[in-house]
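Undergrad: The structure's right below; bear with me while I get my questions together.
Only the coordinates and a few stated rules stand behind these numbers; no lab work does. Just so it is clear, the structure is predicted and the values come from calculations on it, not from any experiment. Cβ coordinates were reconstructed from backbone atoms using ideal geometry, including for glycine residues, and neighbour counts include every protein chain displayed.
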Amino acid sequence: MTSETGAPQGNPGDIVNWPMLKICYRTDPEKIAALLPPGIEPGASPHVNLTIYNFPVPDEPEFGVVTTVDADFNGISGEYTLGYGIDQESAIFISQERNGQPKYPCAIEFYRLGPSVSARCTHQGYTFVEFKGQSVGPAEIPEEYDQNEWWIKVSRACGMVSEGYDFPPQVVHVRSRYGTAWREEVEGELILRDSPWDPLFSLLPLREQLSAHLWWPLFLDREIKLAGKLDPDAFTPFADTISGSRWPGHNGGPKKG
C-alpha cells in the first residue's frame, strides 16, 4: 500500500515497510586491497557501502548492519562482504555454515522520527558506526538492477593443526535482483569510531562521504551458488577472522597489534 505521494504505507508497526539506510563513502584503494584475499580484485572505485536495516528473518525482526567494499571476481563487478552484524542469534550460525555469509552478533539502533534518521551500531561494547541525518524528500526511482555479492565458504582442518582445510576456500556468488518501491535522499553525517572488533575507522578510513538514502526495496530474485575456488595457501593469512566477520583477526578475536 502507498500513500497519495507514493511513499510506502501499511499497518502501524509492521516492519515490512521499514526502509533500509544505505550509506556510501570513499576510502583509500590500498586499504581495500589489503582486505581482499588473492583472487578477489578491488573494484573500479574505492567505495565502502553500509546498509543498516530492520527486516523480518524469517518472521521476526532482525536489525543489522552490512559492510561491503566494491570488488570484482572472475571479471564480474560486485561487492565483497566483510560482515553482517545482526541482533538475531538464531540466524548467525546456520548462515555461516550453509553459505559462508559472514554474520556475527551486533546491537543496532535504527529509527526514523518524521524526517530525522538515526542509527548506531555496537559490538562488544564498542560503538563503531553512528549516523544522524534528515530526509530531504523523495528521490528518483531507479530501474531494476542486479547486485553481485561475494562471500567466502571455508572450513579449516579439524584438530590441533596449524594449516590445512576440511573444505578449502571457495567464493560464494550471491546475485540479487532488486526494484525500488520508494527512495528518499538523506543529508547527514556518518561517524566511524575506533573499535578492535569492527575496525572500519582504522582499516577503511572515511575520506569522503558520497551518499546516504532511505531505500524501500522490492525483492525480485536471489541466487546463491559456489562460483570458484581460491588458492588455499594464499588464503591462509585471511583465515583468522573476528567473530563471524571477514575482518582480519587472531583465533576468532581482534587482531593483535
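Undergrad: Give the range 33-58 a look and list any residue that's in contact with a Pro (Cβ under 9 Å, 6 or more places away or on another chain), outside any strand (DSSP E or B) and hydrophobic (A, V, I, L, M, F, W, C), or say none.
TA: Ala33, Ala34, Leu35, Leu36
Undergrad: Please work out which residue is nearest to the chain's Cα centre (by Cα), limiting yourself to the range 108-117 and to residues that are surrounded by fewer than 16 Cβ atoms within 10 Å (Cβ to Cβ) and part of a strand (DSSP E or B).
TA: Looking only at the range 108-117, we keep the residues that are surrounded by fewer than 16 Cβ atoms within 10 Å (Cβ to Cβ), and these are 109, 111, 113-116.
Narrowing the set further to residues that are part of a strand (DSSP E or B) leaves 109, 111, 113, 116.
On the way: Glu109: 16, Tyr111: 18, Leu113: 24, Ser116: 23 Å.
Ranking the candidates gives Glu109 first.
Undergrad: Inside the range 216-257, can you point out the residues that are outside any loop (DSSP other than H, G, I, E, B) and among the charged types (D, E, K, R)?
TA: Kept after step one, since they are outside any loop (DSSP other than H, G, I, E, B), are these residues of the range 216-257: 216-229, 232-238, 241, 248-250, 253-254.
Passing the criteria: Asp221, Arg222, Glu223, Lys225, Lys229, Asp233.
Undergrad: So, Arg26, is that one in contact with a Lys or Arg (Cβ under 8 Å, 6 or more places away or on another chain), surrounded by fewer than 19 Cβ atoms within 10 Å (Cβ to Cβ) and of a type in the set (D, E, K, R) or not? Full working, then the answer.
TA: Values: in contact with a Lys or Arg (Cβ under 8 Å, 6 or more places away or on another chain): yes; surrounded by fewer than 19 Cβ atoms within 10 Å (Cβ to Cβ): yes; of a type in the set (D, E, K, R): yes.
It is true that Arg26 is in contact with a Lys or Arg (Cβ under 8 Å, 6 or more places away or on another chain), surrounded by fewer than 19 Cβ atoms within 10 Å (Cβ to Cβ) and of a type in the set (D, E, K, R).
Undergrad: OK, next. Restricting attention to the range 206-215, which residues are assigned to a strand (DSSP E or B), surrounded by 12 or more Cβ atoms within 10 Å (Cβ to Cβ) and of a type outside the set (A, V, I, L, M)?
TA: Let us first name the residues in the range 206-215 that are assigned to a strand (DSSP E or B), namely 208-215.
From the residues that got through so far, the ones that are surrounded by 12 or more Cβ atoms within 10 Å (Cβ to Cβ) too are 209-215.
Matches in the range 206-215: Gln209, Ser211, His213, Trp215.
Undergrad: Given the residues Gly188, Gly249, Gly244, Gly228, which is the only one that is touching a Ser or Thr at 6+ places or on another chain (Cβ under 6 Å) and small (Gly, Ala, Ser)? I'd like the intermediate steps shown before the answer.
TA: On the way: Gly188 fails: touching a Ser or Thr at 6+ places or on another chain (Cβ under 6 Å); Gly244 fails: touching a Ser or Thr at 6+ places or on another chain (Cβ under 6 Å); Gly228 fails: touching a Ser or Thr at 6+ places or on another chain (Cβ under 6 Å).
Checking each option against the conditions leaves just Gly249.
Undergrad: Still on this structure, please answer the following. If you check Tyr25 against the conditions, is it part of a strand (DSSP E or B), out of contact with any helix residue (DSSP H, G or I) (no Cβ under 8 Å at 6 or more places or on another chain), farther than 18 Å from Pro217 by Cα and among the hydroxyl-bearing types (Ser, Thr, Tyr)?
TA: Numbers: part of a strand (DSSP E or B): yes; out of contact with any helix residue (DSSP H, G or I) (no Cβ under 8 Å at 6 or more places or on another chain): yes; farther than 18 Å from Pro217 by Cα: yes; among the hydroxyl-bearing types (Ser, Thr, Tyr): yes.
Yes.
Undergrad: Related question: Taking the range 78-103 only, how many residues are buried (at least 21 other Cβ atoms within 10 Å of the Cβ) and either assigned to a loop (DSSP other than H, G, I, E, B) or in contact with a helix residue (DSSP H, G or I) (Cβ under 9 Å, 6 or more places away or on another chain) (or both)?
TA: Final tally of qualifying residues: 8.
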